[in-house]
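To keep things clear, I will list the structure first and then write my remarks on it.
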């Protein structure tokens, strides 16, 4: 809680504020005051208050007792009462030294900060500064507050316009509900439900579905009896297609430490039994608060394991080709600090990471920050600003794929004790960039011969630099898949499965964006079978392979390496523009360029034949530029 963090700073100088002198000379009142100081050192705060109160009852002008009384109230999470005490003392300090007047205002600065009244805090700060002595301004607590006030002043000048809304019933019906996540279509919310504040209170994952017809959330229910157990199931993350769930569970029999991360897969609309993610991901320490990238390839989480930069750091692990996970690595010192970094959320484009931290400059306590990927590296985090961040702890931010709402958790407190936690949302401000628009492609992958569903890998690749942007898988039981990815130009989609010919698309030319029923027919490897070798590029009237062809060439090489008994014929085709004999020669030279690449990579020449068909076998009438482009192609035929 932010009040307690401020209190640490305040108590640092409780015993050092006024030097040797007091504003009164009554020895009995001074003795009571000093007894209060001794009780403070023993953390007997209520008893200390009584001593300060008694000293004031004896001597109403005892200014130092007002200040220390107010500080204790602030430390106890009662800033409103602290201000009243400060104002009582301030009214009697009109003839006092400037330093004492400044310390009353300094107390009010922190009271207003604890209440989230930042403008009032800034006014008191500006009034206090001329009154405080140079020695006071040399202290660490002063310089820390000075830095914070400068930050707050700048943030208020560029404050965002948002309106926070508590989610309507039947949500928010439990004592505690927190860490909301939503599926990519925003029609299902998953959150942690806890019945009370005590340590023995049970945590489970609950879900609720949104009805577009009624515009209401359904009654929350347990996510699954397979997921929720007698142990605590906590913070979770779900892949964009809703098929992979990763969650934290604590003190389970097969755990490596306090809390571990577990993974579960959904088949035939049923969650399968979860399994521990293993020692590559988990440690002997606290591992929790996972966030899975939209394609399920990168897992971010928070951990207090050794090898970090502070209390809790952000770590990540990569899903390997065999389905396992790589050894977790620390996200580095640009993101992590000597304090706590928690509740990571990687946005659906895999390039923007949100997280909570009390180690970066903020409004106090835990604020939400954003770090963006540039050239493969996360940049310096930026505070999301006011009023997304305020005097309360902010954490567990989740932004929908539609970019309309951000969901988060907000706590309420009774003095310094957490009392309730609720799920909130607000319209996400356009001023904070979320990158390119997101594209959805849905469909099925099936066997062209039998119609059976196929569990295939779908890779979205940047053709400009041959980098894999996203990977998804189709469901082995249904063949269904859903891909969610940014609207990046010049990309290819590769659908691959061992034992089948690859299916290759050009995302723009094949109009894959926002398709809801893309039917991907995979052809089993067999003699005479053929597929279009998409994303092979040549300059006009040239046969030299362009750099942008690298992705497809690499996959053809891998296909031949994985199927060593397969021999192929590379066939070039053109449209009907130009001389037919020249077109046939050009198409053959282009096929030979592909063969040359394969031979240079070590594929034996006996496995690769070539042919040039020119314009003799069009797949579309040569009547439009679009159709002509489809006819200019390279195909691969199995011998």
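Brief remarks follow.
- The condition of being more than 42 Å from the chain's Cα centre (by Cα) and either modelled with pLDDT of 95 or more or buried (at least 23 other Cβ atoms within 10 Å of the Cβ) (or both) holds for only one of 123, 73, 39, that being 39.
- Residue in segment 42-49 that is surrounded by 22 or more Cβ atoms within 10 Å (Cβ to Cβ) and without any contact (Cβ under 8 Å) to a residue 60 or more places away in the chain present: yes
- Test: residue in segment 572-593 that is at negative phi, outside any helix (DSSP H, G or I) and within 45 Å of the chain's Cα centre (by Cα): no
- Candidates are the residues of segment 543-579 that are at pLDDT below 95 and closer than 17 Å to residue 628 by Cβ; the one that is surrounded by the most Cβ atoms within 10 Å (Cβ to Cβ) is 574.
- Failed item in (1) on the phi < 0 side of the Ramachandran plot; (2) assigned to a loop (DSSP other than H, G, I, E, B); (3) modelled with pLDDT of 95 or more, with residue 521 passing the rest: (2)
- Residues (assigned to a loop (DSSP other than H, G, I, E, B) and more than 27 Å from the chain's Cα centre (by Cα)) located in segment 485-511: 497, 498, 499, 501, 502, 508, 509, 510, 511
- Considering residues of segment 497-518 that are under 16 Å from residue 562 (Cβ atoms) and out of contact with any helix residue (DSSP H, G or I) (no Cβ under 7 Å at 6 or more places or on another chain) only, the residue surrounded by the most Cβ atoms within 10 Å (Cβ to Cβ): 501
- Exactly one residue out of 114, 96 is touching a helix residue (DSSP H, G or I) at 6+ places or on another chain (Cβ under 9 Å), surrounded by 16 or more Cβ atoms within 10 Å (Cβ to Cβ) and closer than 21 Å to residue 358 by Cα, and it is 114.
The values are calculated or read from the model by the stated rules, or taken from the named source; none is laboratory data. From a predicted model like this one, the values you see are computed outputs, not experimental measurements. Glycine also receives a Cβ, built like all others from the backbone with ideal geometry; neighbour counts cover every protein chain displayed.
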